[in-house]
Amino acid sequence: MLRKISVIIKDLSVIFLNWQSNHLQKKLIKRLGYTPKNVVDGCTVDISQAEKDKRAKIDLEVRGLLKQFKNDVNKVAEFLTNNNIKIYRVKHAKDLLEKITEDIGFITERHGYRALFINLIIGNGFKLKTEPMIIVEDEELSIYNFIHYLHKWYAMKEGMPGYDEKSQILLQKFNLSDKQDKLIGRLSIPEIENLRHAIARDVQSIDFMSQYSRENSGSKQALEKMKTDGSINI
């Protein structure tokens, strides 16, 4: 019984944290000049019908994979590993990565001192380049987070804009900064566009995860409970 309760509490906390992330991303987009209507649809940088079609295709194919894996987080993790996305469980990963304005989760290719730092904390030696990978806290293996990671990897694989190193670094700096206005003020127009693309990709993956979780019976119950408790308003 205690084990079941702990699993339920963990699932609730994961969904709520992802909702908070979703809410934060929408605030960031609004700060960059988007309207609430455009935020709901994902992001105004996605203006072409071809890109909208590509987004829909990615969502459909990731759904197909999750159905194939029967929402088993271990199967999702195994699939990513088989596609050359190594998963590292690092104690105090979040605190360590924040030192170089990185966040845990799916991390795209990095170079230079960032790559060196990441390679050191994952035990990969003194190397100045990393391949795309996933870094999570020690023993963390949540299906909700891995749905998010899987979607981001698939979108990157399909060539969606915003996953290049410059765009992703800007996104991490923006997410972790407490002075976003000053940061934006120092950016060039191309850099702002890069940041917009990166945010659009993050929102797309978070929205997919949130929508998919609503369709899962266990997640529906969790979301309903949070609504009843007043901790979430959707």
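Hey, does the stretch 131-147 have a residue that's over 17 Å from ALA93 (Cα atoms), under 15 Å from the mean Cα position of the chain (by Cα) and at pLDDT 95 or above? So that I can check it myself, show each step before the final result.
So in the stretch 131-147, the residues over 17 Å from ALA93 (Cα atoms) come out as 131, 143-144, 147.
Right, trim to under 15 Å from the mean Cα position of the chain (by Cα) and you get 143-144, 147.
Pick out the ones that are also at pLDDT 95 or above and you get none.
Taking every residue of the stretch 131-147 in turn, none turns out to be over 17 Å from ALA93 (Cα atoms), under 15 Å from the mean Cα position of the chain (by Cα) and at pLDDT 95 or above.
Condition first: part of a helix (DSSP H, G or I) and of a type in the set (Lys, Arg). Now tell me which residues in the stretch 107-125 satisfy that.
Within the stretch 107-125, the subset part of a helix (DSSP H, G or I) is 112-121.
Passing the criteria: only ARG114.
Which pairs do you get when a residue that is free of Cβ contacts under 8 Å to residues at least 40 places away in the same chain, found in the stretch 77-92, comes within reach of a residue that is surrounded by 17 or more Cβ atoms within 10 Å (Cβ to Cβ) and not aliphatic (A, V, I, L, M), reach meaning Cβ atoms under 9 angstrom, with the pair 6+ apart or on two chains?
GLU78/PHE69
From (1) closer than 26 Å to LYS54 by Cα; (2) at pLDDT below 90; (3) surrounded by 13 or more Cβ atoms within 10 Å (Cβ to Cβ), pick out the condition that doesn't hold for SER177.
SER177 satisfies all of (1) closer than 26 Å to LYS54 by Cα; (2) at pLDDT below 90; (3) surrounded by 13 or more Cβ atoms within 10 Å (Cβ to Cβ) except (1).
Of all residues in the stretch 180-215 being small (Gly, Ala, Ser) and surrounded by fewer than 15 Cβ atoms within 10 Å (Cβ to Cβ), which is farthest from LYS54 (Cα to Cα)?
Start the filter on the stretch 180-215 by keeping residues that are small (Gly, Ala, Ser), which leaves 185, 188, 198, 200, 205, 210, 213.
Now restrict to residues that are surrounded by fewer than 15 Cβ atoms within 10 Å (Cβ to Cβ): 185, 188.
Numbers: GLY185: 32, SER188: 28 Å.
Ranking the qualifying residues of the stretch 180-215, first place goes to GLY185.
Run down ARG110, ARG114 and say which single residue is over 18 Å from the mean Cα position of the chain (by Cα) and charged (D, E, K, R). Full working, then the answer.
Values: ARG110 fails: over 18 Å from the mean Cα position of the chain (by Cα).
On inspection, the qualifying residue turns out to be ARG114.
For the stretch 63-88, enumerate the residues that are outside any helix (DSSP H, G or I) and modelled with pLDDT under 95.
Filtering the stretch 63-88 down to residues outside any helix (DSSP H, G or I) leaves 70-72, 83-88.
LYS70, ASN71, ASP72, listed by residue number.
Could we say that PHE126 is among the hydrophobic types (A, V, I, L, M, F, W, C) and farther than 29 Å from PHE69 by Cβ here? Spell out how you get there, then give the answer.
Values: among the hydrophobic types (A, V, I, L, M, F, W, C): yes; farther than 29 Å from PHE69 by Cβ: yes.
For PHE126, the condition - among the hydrophobic types (A, V, I, L, M, F, W, C) and farther than 29 Å from PHE69 by Cβ - is met.
Which residues, counting only those in the stretch 93-106, are without any contact (Cβ under 8 Å) to a residue 60 or more places away in the chain and part of a loop (DSSP other than H, G, I, E, B)?
Result: LYS99, ILE100, ILE104.
The values are calculated or read from the model by the stated rules, or taken from the named source; none is laboratory data. Small disclaimer: the values here were computed from a predicted structure and weren't measured. Positions of Cβ are backbone-derived with ideal geometry, glycine not excepted, and every protein chain shown enters the neighbour counts.
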